[in-house]
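Everything on this sheet refers to the single structure shown next.
The values are calculated or read from the model by the stated rules, or taken from the named source; none is laboratory data. Note that the structure is predicted; figures quoted are calculated from it, not measured. Positions of Cβ are generated from backbone atoms using ideal geometry, with glycine treated the same way; all protein chains shown enter the neighbour counts.
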Amino acid sequence: MHVVVTGSSRGIGRELKTRLAARGDRVTGTSRDHSSGTRLDVSDPGQQARFAAQIKGDAVDLLICNAGVYLDKSMGLEEYSAEVWTKTLSVNVSGVFLTVQAMLPNLRLSAAPKIAIISSQMASHARAPGGSYAYRASKAAVLNLGRNLAADLQPEGIAVGIYHPGWVRTDMGGEAGEISVEESAAGLMQEFDSLSIETTGCFHSWNGQVLPY
């Protein structure tokens, strides 16, 4: 199986890449700084086009849209700038759409293509304790994006799942996180494996819990 993982230079993305390769999958990892093997700023249309050209004609069985930023953690309401909003939405929302768009020809070459979008339970309208406005809005937007992609791509046999990775002890999640990156990645892989055209559009946690939209 050929898997493409964006944002694979650290944290959950790196662990997913390592575990997928260890079980025998062929993994193409991308990152902004080229450290994971292939350079890709998901918000840059030019880099997306170059990446698509590099793997043209190569079937992608699973696309994991993991790249993301969390720039407004613990940021006060009055501290927000337009730049924080622009960068957050550009990477977390536009970046996912551009990646799916660029990889569609490759996904269509697969016998059972899947797209896994890493969102967050912070996207849920049922969970709104305040704060992290840009991050929450971006994850809510990508949840909506994933649901609509699932509807549009279902006739083509492309399954789409949206996932909460848990509160993970990573650079983004912080040391107070509830689970390790190893636990998160292992659970997510089980979720990706069970994703099918029958369950397309699902919003699940890393441990299989069904989350409210």
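Residue by residue, here is whether (1) among the basic types (Lys, Arg); (2) farther than 21 Å from residue 202 by Cα holds:
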site	(1), (2)
103	no, no
106	no, yes
118	no, no
130	no, yes
139	yes, no
Scanning the range 182-213 for residues that are under 16 Å from the mean Cα position of the chain (by Cα), hydroxyl-bearing (Ser, Thr, Tyr) and part of a loop (DSSP other than H, G, I, E, B) gives 200
Here is a check on your reading of the model: is residue 166 part of a loop (DSSP other than H, G, I, E, B) and within 15 Å of the chain's Cα centre (by Cα)?
yes
Restricting the range 101-146 to residues that are crowded, with 18+ Cβ neighbours inside 10 Å and of a type in the set (Lys, Arg), the one modelled with the highest pLDDT turns out to be 114
Does any residue in the range 1-22 that is in contact (Cβ under 8 Å) with a residue 24 or more places away in the chain come within less than 8 Å, Cβ to Cβ, of a residue that is surrounded by fewer than 18 Cβ atoms within 10 Å (Cβ to Cβ) and in a helix (DSSP H, G or I) six or more places away or on a different chain, and which pairs are these?
15/182; 19/186
Those residues of the range 183-213 which are in contact (Cβ under 8 Å) with a residue 24 or more places away in the chain and on the phi > 0 side of the Ramachandran plot amount to 201
Whichever residue in the range 12-29 is out of contact with any Asp or Glu (no Cβ under 9 Å at 6 or more places or on another chain) and β-branched (Val, Ile, Thr) and, among such residues, is farthest from residue 98 (Cα to Cα):
18
